[in-house]
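So the structure is just underneath, and the comments pick up after that.
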Amino acid sequence: MNKKKAVVLLSGGLDSATVLYIVKARGYEAYALSFDYGQRHGRELESARLLSRMSGTKSCVVKISLPWGGSSLLDKDKKVPVGCLRRKRVPDTYVPARNIIFLSFAASYAEAIGARKVFIGANQIDYSGYPDCRHDFIRSFSAMIKKGMRTGIYGKAISVEAPLINMTKSQIITKACNIGVPLRYTWSCYEAGSLPCGRCDSCLIRAKGFQAAGIKDPFR
C-alpha cells in the first residue's frame, strides 16, 4: 500500500525537525524541502541534509536569490541584533515574505508529486514576532492555493498544516524528545560557527525552551 505523501519545509532547526518526525510518525511519505536563499551561512542546511539522511527522508535543496536584501539574515554588512524575549516590533532578522515564498515552492512541489499536505514548523507562541508565522497567515495561504491551483479546482486541494503553531517552545522540545528527534543535530542560531552565539533571538528562545522543559540542550 502506497503511503500518503507530504512536503515538509525543513530548515534544519528544532521546530522543522520536530515537524518532520511528526509527519513520519503519522505515516506519511515525507519529502523534505530546504532553501539556499542567500542566508548568512550554510550551517542550517548542513543540519537539514543530516536530518533528512538520519530519518530516511527524500530531500531537495532549492537555491534562490533575494538580491534586494531587506534583512540582517541576507545582508552580511548588517549585524544580527542581540536577542530580546519581549520584543514589541518585528526584528531586523525578518526576511520579507520568506514563508510566502517557501510555501509557494512547497505547494508547487506537492502538486507535482501528488501530495495533499504541506507541513511547516511555524509557531506563534515563543517566536520572534514574524507575521508569516501566525495561524491567520497559514489559514489564509491554504485558502489562496485552494483557489489558485489545479488540485483545488478539481476538489483535491493541498492544505498547509502547522502542528506546532500553538505550542510553547518547551512543549515542542518535550514532544521532540518523546518522538526521538535527534535535537543535537539541529541548528537554531542566526550566526555561523562551531557553537551557537547564545545571543540572537533564536538562541534565547531555544535556551528558554530547554530550561522550561527541564531538559539539557544536547547540542551543548
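The values are calculated or read from the model by the stated rules, or taken from the named source; none is laboratory data. The model shown is predicted, which means the values in this text are computed figures rather than measured ones. Glycine gets a Cβ as well: all are built from the backbone with ideal geometry, and neighbour counts include every protein chain shown. For the accessible areas, the whole protein counts, side chains as well, though only heavy atoms, and no ligand, DNA or RNA atoms are used. Shrake-Rupley method; radii C 1.70, N 1.55, O 1.52, S 1.80 Å.
Below are the figures for this structure:
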| read-out | value |
| --- | --- |
| Dimensions (Å) - the chain, Cα atoms, principal axes, largest first | 48, 40, 28 |
| Between helix 169-178 and the chain: long-axis angle, C-alpha atoms, 0 to 90°, nearest 10 | 70 degrees |
| The chain: angle of helix 98-113 to the longest principal axis, Cα-based, in degrees nearest 10 | 30 degrees |
| Förster radius 22 Å - calculated FRET efficiency between residue 168 and residue 26 (Cβ-Cβ, nearest 0.05) | 0.55 |
| Unit charges at the beta carbon, dipole of the range 128-176: most positive-side option, 172, 153, 130 | 153 |
| Percent of alpha-carbon pairs separated by more than 23 Å within the range 106-190 | 35 percent |
| Sequence-distant residues sharing a close amide H with residue 84 (under 5 Å, placed H) | 201 |
| Interchain or long-range residues, amide H under 5 Å from residue 62's placed H | 34, 35, 36 |
| Debye intensity ratio I(q)/I(0), log10, the range 1-109, q values 0.09, 0.10, 0.11, 0.12 Å⁻¹ (C-alpha model) | -0.27, -0.33, -0.40, -0.47 |
| Surface accessible to a 1.4 Å probe, per residue, for the residues of the chain, Å² | 51 Å² |
| The range 1-88 - percent of accessible surface contributed by carbon and sulfur, probe 1.4 Å | 51 percent |
| Carbon/sulfur fraction of accessible area - the range 104-200, other protein chains in place, 1.4 Å, % | 51 percent |
| Highest average packing first - 143-150, 124-131, Cβ atoms within 10 Å | 124-131, 143-150 |
| For the range 9-20, Karplus couplings with θ = phi - 60° (6.51, -1.76, 1.60), whole Hz, Gly/Pro x | 6, 10, 8, x, x, 4, 5, 5, 5, 5, 5, 4 |
| The chain - share of DSSP beta bridges that are antiparallel (%, nearest 5) | 0 percent |
| Dipole of the range 65-112, positive direction: furthest Cα of 90, 110, 73, with charges on the beta-carbon | 90 |
| Expected-Rg normalisation [2.2 N^0.38 Å, Cα atoms] applied to the range 17-64 | 1.17 |
| Gained length - residue 212 relative to residue 46, 0.36 nm times residue gap less alpha-carbon distance | 57.0 nm |
| Protection proxy ranking, peptides 160-173, 37-50, average beta carbon neighbours within 10 Å, highest first | 160-173, 37-50 |
